[in-house]
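Here is the structure we will look at.
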Amino acid sequence: MIVRTLLLSSVAAMSVMLGAASASAQTQILVPDARSTLSAGLHDAGQAASNLTLEYSVAPPPGFFDPEALFAPTPRSDDDEDAPRPPQPEVKPKFTPLALANSDMAMSDGRLFVGNFNGFNAYDVTQGEPKLVMSVVCPGGQGDLSVHGDLLFMSVEQNRGRLDCGVAGAEGDVNAERFRGIRIFDISDLNNPRQIAAVQTCRGSHTHTQVPDSTDPKVLYLYNSATSGVRKTDELGICSEGEPDANPETALYSIDVIKVPLDRPQDAAIVNRPRIFADAATGRVAGLWQGGRIGVAAQNTAQTNHCHDITVYPERGLAAGACSGNGILLDISDPQNPTRISELFDPDMAYWHSATFDNAGDKIVFTDEWGGGTQARCRAEDPANWGANLIATIENRQLRGKSFYKLPAPQTAAENCVAHNGTLIPVPGRDLMVQAWYQGGMSIVDFTDPSKPFEVASFDRGPIEADRMVVGGYWSAYWFNGRIYGSEIARGVDVLRLAPSDLLSAAEIAAAESAIHDEINPQTQTEYKFADTPDVAGAYADQIARATGHDAALTARVQAEIAKWRAGTVDRRASQSLATALTTAADKATGADANRLKALAGIFGRLSAA
Amino acid sequence: MVPAIEWGVESLHCVIGLMISGLIATSATQQTPPIFQPGAPGAATRMITAAEALELSRTGFTEGDVRFMQHMIVHHAQAVEMVALLKDKGSDPTVKRLGERIAQGQEAEMLIMESWLASREQPVAMAGMDAASHAGHGGMDHSAHAGMSAQPLSETPIMSGMLSPAQMARLVAASGAEFDRLFLEGMIQHHLGALEMVDTLQAEPDAAEDPIISDFLSSVVADQNSEILRMQSLLSDLLPDAQTSPPTPAN
């Protein structure tokens with residue numbers, strides 16, 4: 001979350017477009033629905049669920065909730081509303097509402113790790129309901145975390161961060177005990193988590209991303225994205241600030257590449273600070289967006305001198321950088337030396353915040369954290385393409401903006417809301433993403449057609465307070481092995497399950513729930529691969545049946561064969577003939593439907609040969 | 001170090017400590033796992049109570065933070081005032097557009113600062129002065145305007161990092177290309193002053209630890225730096241003969 005300059009502009013009725021570089025689809029119209037008028041409350045707010053079922057809601061554990069950081073109890077009065085009353089002092093939080101905010105999440109070996117501005121919590125989720133197994137306190141914010149085997153990595157950015165996980169005496173602009181960077185914990189023993197390393201960086205660490213070495217399994221890289229101020233040289237010798245024209249060594253305009261030798265993680269160290277924003281032709285270090293508006297009705301776009309978040313897709317050799325003023329595409333085939341191959345600017349994007357690839361690796365959903373996450377930016381009067389997702393394609397290794405998607409239902413002024421973190425939901429044949437919108441709740445978007453994204457499901461609560469903004473809502477909403485986990489800044493952790501609907505069938509959900517990864521760090525994407533099962537075939541069949549003008553007779557044959565398969569009998573000859581018919585149909589179809597028909601033909605072809 | 005703003009913190013902590021102990025006692029039957037506080041790399045981990053965990057999360061804020069926010073509101077108000085002059089007196093449309101952007105940005109930041117102060121029950125104006133009249137000292141007062149001031153205007157700004165009354169008066173008196181030059185030079189000086197204020201605050205013990213103020217500082221530094229850069233390039237583009245090296249902040 002970044003508290004950014006807000007520009008009080010009227011609605012950008014006329015954006016200044018940058019030709020092909022700009023997402024140019026029609027502006028979405030936000031329509032109020034049940035989510036727009038939910039009743040307020042910390043634990044008893046109204047809820048609206050569409051095609052999602054809330055299975056568990058787990059309040060913050062002891063030591064991780066402070067009512068004084070959210071609000072003090074309001075004195076209640078049963079007096080007549082109209083009766084004259086002495087003016088009441090407005091009740092305010094006594095500590096920052098972000099002091100104990102839950103933040104990002106990771107999943108490993110049946111355990112859910114939930115980052116927090118004051119440390120992290122681990123839950124066993126193998127039995128469904130999250131069961132707390134470990135609480136660790138280590139202040140410094142924001143607690144963005146990732147897990148690899150027995151190691152847990154945590155981002156620390158605040159000046160108050162200390163090497164020893166305490167807060168005493170972290171004062172002055174130079175302090176040898178200060179820690180800003182990435183901590184490494186050994187979590188092999190849940191009864192004795194230990195800090196084993198702490199890699200200091202010049203701007204601390206806002207987020208980080210694990211990148212496996214392409215050949216050496218004993219080496220892990222971390223890409224560190226840091227957004228705050230540069231430390232004094234006296235505190236950390238490699239650091240100095242300033243614009244690169246005046247100071248070529250400036251710690252601005254780079255990311256940190258940290259090498260972690262997995263057999264000696266205590267030796268983790270920065271090995272590169274690549275100038276990934278440099279001008280491709282001139283080599284000028286500050287080569288991308290320099291900040292400001294491109295036109296009167298455009299967003300005030302941040303200067304590209306850092307990345308907020310980087311998502312890597314190692315199997316494709318690519319990384320998507322959400323880098324303040326630009327979205328960028330990096331070649332990471334040599335993970336230690338990422339190089340930029342494309343960049344995107346858009347006049348409606350204020351702050352490129354995070355990125356998610358589709359499973360094929362040819363689309364990217366970028367988010368725009370306009371207002372920094374602590375502001376109400378989903379009100380009816382807010383522009384529908386500001387603070388939204390920008391959906392881009394990768395064509396010939398070049399990024400192209402295609403459309404915007406924003407939470408479709410307006411929220412109140414008491415709800416901080418803007419596009420935030422999400423992951424893919426692995427439904428074969430479709431590109432689905434579940435995503436957090438802070439107090440806008442969570443929304444699942446289908447972006448299979450990058451020009452026509454639409455909502456498939458959602459869950460939302462009312463504001464924490466009705467008349468006053470109390471920062472809360474989902475920081476992240478991630479699909480982890482069959483369920484959606486939401487880290488709620490103030491309310492804890494929620495677990496939700498997809499419910500079948502016209503927009504998403506039981507077979508599609510079952511196919512998604514069957515795709516399991518042991519370790520999931522959402523910013524390190526791994527390809528979902530689908531086995532040949534009746535559910536996967538059923539998912540494709542249900543998708544084909546939704547297409548207008550589909551061959552109903554063929555679809556009926558497919559469903560009949562799948563029913564037999566489910567019942568345990570496979571008719572090889574019928575499968576073979578179905579595979580042939582599907583291949584013929586695929587040749588006549590286009591786009592996603594052609595791919596679905598092809599995939600289904602492949603399944604029946606293999607089934608006939610089995 | 002003790003945060004300067006007390007809120008009656010000590011007594012409240014005792015109450016909360018008791019409440020938390022009560023919670024733990026209740027949940028002890030459910031065997032809540034212990035809370036660990038790791039040590040420095042290589043050092044041992046210890047167990048802490050829930051009350052200690054909360055205590056570690058509490059950042060509070062200092063008198064310096066409050067002063068900084070109050071001061072910065074006055075500081076930003078001067079920028080808005082300078083841009084108000086630009087509308088009538090400036091000549092170059094690019095400078096006017098840039099000025100508009102700067103004013104919008106500064107006004108938006110003023111709202112953030114006011115809300116930060118209000119939600120901590122702190123006055124928006126500094127003790128003994130109010131922001132509006134204060135900004136007025138900078139040059140909008142009519143005696144300076146008409147050049148009828150009985151005494152020479154001070155070359156010393158009322159706060160470090162701002163333009164002095166005399167500088168503001170020269171801006172008011174100028175027009176056309178000369179105004180553009182004074183405006184850009186003045187605004188660069190003004191922005192550098194903000195950066196220095198941030199540096200000064202960060203050097204204070206316990207200051208800027210509230211995550212919201214800390215993030216705010218980052219965005220101030222980023223925005224002012226990029227605007228300074230644009231103003232410097234504008235200055236050299238528009239007025240190749242003018243002195244383009246940034247004036248140092250007056251303090």
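Side notes on the structure shown:
- Inspection of the stretch A:127-141 identifies at least one residue that is more than 22 Å from the chain's Cα centre (by Cα), surrounded by 20 or more Cβ atoms within 10 Å (Cβ to Cβ) and part of a loop (DSSP other than H, G, I, E, B).
- Residue selected from the stretch A:379-414 under the condition within 19 Å of the chain's Cα centre (by Cα) and in a loop (DSSP other than H, G, I, E, B), by the criterion surrounded by the fewest Cβ atoms within 10 Å (Cβ to Cβ): A:408
- Scanning the stretch A:142-173 for residues that are of a type in the set (A, V, I, L, M, F, W, C), more than 7 Å from every other protein chain (Cβ to nearest Cβ) and either under 14 Å from residue A:115 (Cβ atoms) or surrounded by fewer than 22 Cβ atoms within 10 Å (Cβ to Cβ) (or both) yields A:145, A:147, A:151, A:152, A:153, A:154, A:156, A:168.
- Entry remark, the stretch A:297-323: residues being modelled with pLDDT of 95 or more, part of a strand (DSSP E or B) and not acidic (Asp, Glu) number 10 in total.
- Number of residues in the stretch A:304-341 that are over 21 Å from residue A:388 (Cβ atoms) and not hydrophobic (A, V, I, L, M, F, W, C): the value is 16.
- Evaluated against (1) buried (at least 20 other Cβ atoms within 10 Å of the Cβ); (2) within 12 Å of chain A (Cβ to nearest Cβ); (3) among the small types (Gly, Ala, Ser); (4) assigned to a helix (DSSP H, G or I), residue B:79 falls short on exactly one condition, (2).
- Number of positions in the stretch A:590-610 that are touching a residue at least 24 places away in the same chain (Cβ under 8 Å) and closer than 19 Å to residue A:545 by Cβ: 10
- Unique match (being touching an Asp or Glu at 6+ places or on another chain (Cβ under 7 Å), within 22 Å of residue B:92 (Cβ to Cβ), away from every other protein chain (no Cβ under 12 Å) and modelled with pLDDT under 75) among B:240, B:247: B:247
- Looking across the stretch B:194-224 at every residue that is modelled with pLDDT under 80 and more than 7 Å from every other protein chain (Cβ to nearest Cβ), the one that is surrounded by the fewest Cβ atoms within 10 Å (Cβ to Cβ) is identified as B:204.
- Flag for residue A:348 being touching a Pro at 6+ places or on another chain (Cβ under 9 Å), closer than 27 Å to residue A:293 by Cβ and of a type outside the set (Gly, Ala, Ser): yes
- Residue check: residue A:376 meets all listed conditions (1) surrounded by fewer than 23 Cβ atoms within 10 Å (Cβ to Cβ); (2) out of contact with any His (no Cβ under 9 Å at 6 or more places or on another chain); (3) modelled with pLDDT of 95 or more but one, namely (3).
- Considering the stretch B:33-60, the residues that are at the interface with chain A (Cβ under 7 Å from one of its Cβ atoms) and among the β-branched types (Val, Ile, Thr) include one that is surrounded by the most Cβ atoms within 10 Å (Cβ to Cβ), namely B:59.
- Here the strands (runs of 3 or more DSSP E) wholly within the stretch A:8-118 that include at least 3 residues being at pLDDT 75 or above and farther than 30 Å from residue B:58 by Cβ are A:47-50, A:52-58.
- Every residue from the stretch A:236-252 that is over 17 Å from residue A:307 (Cβ atoms) and within 11 Å of chain B (Cβ to nearest Cβ): A:241, A:242, A:243, A:245, A:246
- Flag for residue A:482 being out of contact with any strand residue (DSSP E or B) (no Cβ under 9 Å at 6 or more places or on another chain) and free of Cβ contacts under 8 Å to residues at least 40 places away in the same chain: no
- There is at least one residue in the stretch B:208-225 that is assigned to a loop (DSSP other than H, G, I, E, B), touching an Asp or Glu at 6+ places or on another chain (Cβ under 7 Å) and either free of Cβ contacts under 8 Å to residues at least 40 places away in the same chain or not hydroxyl-bearing (Ser, Thr, Tyr) (or both).
- Those strands (runs of 3 or more DSSP E) of the stretch A:176-281 in which at least 3 residues are in the same structural domain as residue A:149 (by TED's automatic domain parsing) and surrounded by fewer than 19 Cβ atoms within 10 Å (Cβ to Cβ), considering only elements entirely within it, cover A:269-272.
- Picking from residues in the stretch B:158-175 that are among the hydrophobic types (A, V, I, L, M, F, W, C) and part of a loop (DSSP other than H, G, I, E, B), the one that is modelled with the highest pLDDT is B:174.
The values are calculated or read from the model by the stated rules, or taken from the named source; none is laboratory data. Since this is a predicted model, take the numbers as computed values, not measurements. Glycine also receives a Cβ, built like all others from the backbone with ideal geometry; neighbour counts cover every protein chain displayed.
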